[in-house]
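Presented below is the structure to which this report refers.
The values are calculated or read from the model by the stated rules, or taken from the named source; none is laboratory data. From a predicted model like this one, the values you see are computed outputs, not experimental measurements. As a convention, Cβ positions derive from the backbone with ideal geometry for all residues, glycine included, and neighbour counts pool all protein chains shown. When the accessible area is computed, the model is the full protein with side chains, heavy atoms only, and any ligands, DNA or RNA have been set aside. Shrake-Rupley method; radii C 1.70, N 1.55, O 1.52, S 1.80 Å.
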Amino acid sequence: MEMRQVSSHLHEAGADVEILTTCVKEFSSDWSVNYYKSGESLSASGIRIRRFPARKRDTAAFDAVNLKLMRKQPVTPDEEDVFLREMVNSPELYEYIADHKDEYSVFVYIPYMFGTTYYGVKTCPEKAVLIPCFHDEAYAYFRRFKELFPKAAGMVFNARPEEELAERLYGFSKSGTKTILMGIGMDTEITADPNRFREKFRIDKPFILYAGRKDEGKNVHTLLKYFSEYKKRVGSDLQLVLIGGGKIDIPPETEGDVHDLGFVDIQDKYDACGAAMLMCQPSKNESFSLVIMESWLCRRPVLVHADCPVTRNFASESNGGLYFKDYFEFEGCVNYIAQHPENADIMGENGRKYVLDNFTWDIITQKYLKFFAEIAGEA
């Protein structure tokens, strides 16, 4: 989604943009199945798309290595090669890049761990720009990435802690790779109607909002656990509203206080942000966070996990929210925001100003154009 939006805004700004991709339907699909026809087409906005067939892969071999990585077990260079080879790949795509590299100023890849990124960068590193979305995870420590990525022409980072992690792992400041702290562009014209949300969903008590996938990777189970404990200890009428896909077990003792709304319309989401006492983003593994920015655009503060360097940095830099590491810090933060509504409003306004100063699409688009021109040696 990030690359789709970047491409669209660059195209609207007059840049000559093409999408080079595989015929696979989407990330969650079987990476061996070519859903789309290969060849050229135009997107709804007029961007040329070139699709290339994906290679059949050994799923079992990939899964065996990936399981070790998920369990944080060491892997050999040969196992790294298996992971990269049996990921999503398209030899015809790499052949096209090699044969037509002189026709393009830069090739942009996102995220870092895909086979198409690794082999694409390897094919033409002198014109490769990565939007890596690095996390401090097993994949980032691949020897193959340490060998290849410092040869890339450019790196675009979404947040300062990601940039710092990349420097620690790959030493880009010494390799000659050009880097830029960019972030993700936001639609800053969104509006929120808190009363409309309360009336539509019949939630008139103060509530914490969580918006995102309801799975362990997002640490939402910790939020449910802490909320349940908060209700036992504090006994307020505070509610918890969950928005997004997936299912999660609600503790029986809080069933009447937890509202799982599932997927909602985008305007309902913004209205929920505006109506919330605060937005909680408990994930420990983010390279950005659109929902945090949306909460700030709706003038509400955020509460994030202290073990996520990116969201903690956003909360600190903006002075738009608080962060917690354990239950008692969670309780203290929630109590502070509940008991100091004027300060909560100030944090929400601080966050809004932070987004407007850094992540409007006009700002992001111009930064991209300038960076790409620098990479290509153009005026």
Item checked: Residues within segment 39-66 that are open to solvent by 80 Å² or more (accessible area, probe 1.4 Å) and of a type outside the set (D, E, K, R), tallied -> 2
Notebook entry, point to check: What do you reckon, is THR21 within 28 Å of ILE184 (Cα to Cα) and open to solvent by 30 Å² or more (accessible area, probe 1.4 Å)?
Noted result: yes
Check: Which is over 21 Å from MET182 (Cα atoms) and surrounded by 22 or more Cβ atoms within 10 Å (Cβ to Cβ), of CYS298, CYS333?
Finding: CYS298
Next item on the list: Kindly list, by first and then second residue, each pair from a residue in segment 159-170 that is surrounded by fewer than 19 Cβ atoms within 10 Å (Cβ to Cβ) and in a helix (DSSP H, G or I) to a residue that is at pLDDT 95 or above and not hydrophobic (A, V, I, L, M, F, W, C), limited to pairs with Cβ atoms under 6 Å and residues at least 6 apart or on different chains.
Entry: ARG160/ASN313
Item checked: Out of ASP30, ASP78, sole residue that is part of a loop (DSSP other than H, G, I, E, B) and open to solvent by 50 Å² or more (accessible area, probe 1.4 Å) -> ASP30
Margin query: If I filter segment 209-225 for residues that are open to solvent by 60 Å² or more (accessible area, probe 1.4 Å), closer than 19 Å to MET293 by Cα and in contact (Cβ under 8 Å) with a residue 12 or more places away in the chain, do I get at least one hit?
Written below: yes
Checklist line | Matching option when the condition is open to solvent by less than 30 Å² (accessible area, probe 1.4 Å) and either in contact (Cβ under 8 Å) with a residue 24 or more places away in the chain or under 28 Å from LYS269 (Cα atoms) (or both), among THR177, THR191 | finding: THR177
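GLY256 - would you say it is more than 23 Å from the chain's Cα centre (by Cα), outside any loop (DSSP other than H, G, I, E, B), within 23 Å of GLU331 (Cα to Cα) and small (Gly, Ala, Ser)?
yes
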Check: Name the residues in segment 259-296 that are part of a helix (DSSP H, G or I) and hydroxyl-bearing (Ser, Thr, Tyr), would you?
Finding: TYR270, SER295
Note to self: Restricting to segment 313-328, count the residues that are open to solvent by 30 Å² or more (accessible area, probe 1.4 Å) and touching a residue at least 60 places away in the same chain (Cβ under 8 Å).
What the structure shows: 2
Checklist line | Residue match in segment 175-193 (condition: under 18 Å from the mean Cα position of the chain (by Cα), among the hydrophobic types (A, V, I, L, M, F, W, C), in a strand (DSSP E or B) and under 21 Å from ALA344 (Cβ atoms)) | finding: no
Check: Mind checking which residues of segment 315-352 are farther than 17 Å from LEU240 by Cα, assigned to a helix (DSSP H, G or I) and under 24 Å from the mean Cα position of the chain (by Cα)?
Finding: ALA315, SER316, GLU317, SER318, MET347, GLY348, GLU349, ASN350, GLY351, ARG352
Margin query: Against the conditions (1) out of contact with any strand residue (DSSP E or B) (no Cβ under 7 Å at 6 or more places or on another chain); (2) among the aliphatic types (A, V, I, L, M); (3) open to solvent by less than 60 Å² (accessible area, probe 1.4 Å); (4) assigned to a loop (DSSP other than H, G, I, E, B), where does LEU69 fall short? Just the number, please.
Written below: (4)
